[in-house]
Amino acid sequence: MFDSLSEGLQSAFKSLSGKGKLSEGNMRDGLEIVKTSMLEADVSYSVVQDFMDHVTEKALGKRVLLSLRPHEELVRIVHDELISILGPVDSSLHLKQEGPTIIMLCGLQGSGKTTTCGKLSQLLKEENVKPMLVAADLQRPAAIEQLHVIGRQLDVPVYSEADNKNPVKVCQNGIAKAKAEGARVVILDTAGRLAIDEELMGELQRIDKKVAPDQVYLVVDGMTGQDAVNSAGAFNDALELNGVIMTKLDGDARGGALLSVKHVTGVPVKFIGTGEHFDALEPFRPEGMASRILQMGDIVAAAREAHRIVDEKEREELEAKMASGDFTLDDFKGMMEKVAKPGLMGKMMGLMPGMGQFKDMMESDEAAGGIRQTIGAINSMTMAERRNPKVIDVHRRTRIAKGAGVQASTISQLVKQFEQMKPIMQSMMGTGVGDRMKMMRQ
Ligand code: GDP
């Protein structure tokens, strides 16, 4: 996401660095590159223009031109400006104290509304809030069944009426049912079209007027670039939007549309969708996004991801083992099995500062094969060997290698690396790095 933008900005800043004092002339060259990269990243022209006006004014100030590290000052200015146009932060669903909160999702067909219904339900369930889904997309033949499938997967009730052709009525009946069953949130999955048309807008306006939802969210497909911006404008004119959810920000590089959609609608970006699974919905954080744009990385997001896959108790046990030097090859294997999930290593690398370039390498078959081999080698060892690999002699090394289908040298290398790693882990845990890592995860 935002790859071309961050690459462009990085080269812009590189061209500014190392030149000693800046002149207004070469600062303008750098700013020109920033502008081109934003346009390439699919940020719409008027937004880039606005953005550049603000940044240029600040970048040409005396303080920046005279500073010793002007490129760092420019990074800071661009970063702050990105945060300011991406903000404010508001990923609250603004749940009411009394009665169900009605959330209406709208957007073009295929934007990810139905999937997002599932993702929001999962989020609410994690907070012990009872949701109910209402199938108000009566246009797309399979939409009702799709919502029922999601409901069954997540164990969330779905309200639908097979023969009712009036979406307003279906929503009203669904809300009555939700009230009767004590659901705290009702999510209306409304119809979309392939392109915006008056009939669709009329239908949504009728639901909006008669049902009076508490929150109306526009779901936009982040992969469609300028189309996303145009449709956002049309929905924003027709409805009183409360927020935007941008989906599919896991796949495409030109995520700059997010900046434009924010600019066009003026409402907060609530969440971003980063995958097809129900847990792939992240509260939107402008700082994280701005940092990603600048390739400074988002360590907090990486730490959160790690936090999600290793539970608290397990982590504390591992940290204690590392600190005391009791960390075994078996523990090492356990950690590898956790992070060796498809896509996760690459994702984590992509979030680290300057590590974006290694992302593809970590996703490669070679890397996955290496991890599999290491896990296989550890599996071929006895428990005593896993606890203390120093006891592995030449004879055992050959046997283990044979069992795992690798060279004997691979086993010696693994043992050597593990022995080297242990004291490093121990000192890291002992010098408070563990505590700092803990703080970062919070
Ligand atoms: P709707 O027509 O607006 O209800 O769209 P759907 O919810 O049916 O989604 C259309 C397609 O987009 C489906 O294949 C979803 O799996 C996919 N999708 C939805 N959200 C995301 C996302 O955040 N990332 C990715 N990669 N795919 C998504």
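The values are calculated or read from the model by the stated rules, or taken from the named source; none is laboratory data. Note that the coordinates shown come from a computational prediction; the quantities given were computed from them, not determined experimentally. Please note: Cβ atoms are built from the backbone with ideal geometry, for glycine as well, and neighbour counts cover all protein chains shown.
Out of the residues in segment 183-204 that are part of a loop (DSSP other than H, G, I, E, B) and at pLDDT 95 or above, which is farthest from Leu239 (Cα to Cα)? Spell out the reasoning first.
Filtering segment 183-204 down to residues part of a loop (DSSP other than H, G, I, E, B) leaves 183-184, 191-197.
Adding the requirement that they be at pLDDT 95 or above leaves 183-184.
Numbers: Ala183: 25, Arg184: 24 Å.
The residue in question is Ala183.
It is to be established whether one or more residues within segment 150-159 are within 12 Å of the ligand (Cβ to nearest atom) and in the same structural domain as Thr274 (by TED's automatic domain parsing). Lay out the reasoning, then the answer.
Within segment 150-159, the first condition is being within 12 Å of the ligand (Cβ to nearest atom), and the residues that meet it are 150.
With the extra rule that they be in the same structural domain as Thr274 (by TED's automatic domain parsing), the set shrinks to 150.
Checking segment 150-159: at least one residue is within 12 Å of the ligand (Cβ to nearest atom) and in the same structural domain as Thr274 (by TED's automatic domain parsing).
Quick check, is Asp298 modelled with pLDDT under 70, touching a Lys or Arg at 6+ places or on another chain (Cβ under 9 Å) and either surrounded by fewer than 19 Cβ atoms within 10 Å (Cβ to Cβ) or acidic (Asp, Glu) (or both)?
yes
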Just checking, which of Leu138, Leu60, Leu123 is more than 25 Å from Phe271 (Cα to Cα), within 16 Å of the ligand (Cβ to nearest atom) and surrounded by fewer than 22 Cβ atoms within 10 Å (Cβ to Cβ)? Leu138
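Can you find, within segment 126-135, the residue that is farthest from Gln172 (Cα to Cα) among those that are more than 14 Å from the ligand (Cβ to nearest atom) and buried (at least 18 other Cβ atoms within 10 Å of the Cβ)?
Within segment 126-135, the first condition is being more than 14 Å from the ligand (Cβ to nearest atom), and the residues that meet it are 126-132.
Now restrict to residues that are buried (at least 18 other Cβ atoms within 10 Å of the Cβ): 131-132.
Details: Pro131: 16, Met132: 13 Å.
That would be Pro131.
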Say we look at segment 260-292 and pick out the residues that are of a type in the set (Ser, Thr, Tyr) and surrounded by fewer than 23 Cβ atoms within 10 Å (Cβ to Cβ); which of these is modelled with the highest pLDDT? Thr265
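Which of the residues spanning segment 206-219 are of a type outside the set (Phe, Trp, Tyr) and either within 16 Å of the ligand (Cβ to nearest atom) or at pLDDT below 90 (or both)?
So the first thing to find is which residues in segment 206-219 are of a type outside the set (Phe, Trp, Tyr), and the list is 206-216, 218-219.
Result: Ile207, Val216, Leu218, Val219.
Condition check ((1) surrounded by fewer than 20 Cβ atoms within 10 Å (Cβ to Cβ); (2) away from the ligand (no atom under 16 Å from the Cβ); (3) of a type in the set (Phe, Trp, Tyr)) across all residues:
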{"residue": "Asp221", "(1), (2), (3)": "no, no, no"}
{"residue": "Asn230", "(1), (2), (3)": "yes, yes, no"}
{"residue": "Ala234", "(1), (2), (3)": "yes, no, no"}
{"residue": "Leu249", "(1), (2), (3)": "no, no, no"}
{"residue": "Leu258", "(1), (2), (3)": "no, no, no"}
Restricting attention to segment 100-120, which residues are part of a helix (DSSP H, G or I) and near the ligand (Cβ under 9 Å from one of its atoms)? Lys113, Thr114, Thr115, Thr116, Cys117, Gly118, Lys119
